[in-house]
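Heads up: the structure comes next, in structure tokens.
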Amino acid sequence: MTVSTVGTGGLVTSSPAGIDCGETCSSTFNSGTSVTLTALASNNSVFAGWGGACSGIAPTCTLTVDENKAVTAIFISL
């Protein structure tokens, strides 16, 4: 799974652990694993939504790993 961010002032973490980045990072999870990504905006930004394998504006996204997935988290600086 590859996660990247667009904009400034945020990071993405995962449960189970493996993703913890503010720009671009990747981690390998076993096939069939349910991974919850959480977008965390800093004090001077807001989370604006997901792109790629995630969608919507909720700050969390849960995916089942069944192939290599790419996710983008979008942040807007205030």
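The relative contact order of the chain comes to 38 percent, based on Cα pairs under 8 Å that sit 6 or more residues apart. Springs between Cα atoms under 10 Å define the GNM used for the chain, and in it the highest mean-square fluctuation of 36, 28, 60 occurs at 28. With kT/(6 pi eta Rh) evaluated at 25 °C and eta = 0.890 mPa s, and Rh the Kirkwood radius from Cα pairs, the chain diffuses with a coefficient of 202 µm²/s according to Stokes-Einstein.
We did not get these values from a lab; they are worked out from the coordinates using the rules stated. Computed from a predicted structure; not experimentally measured.
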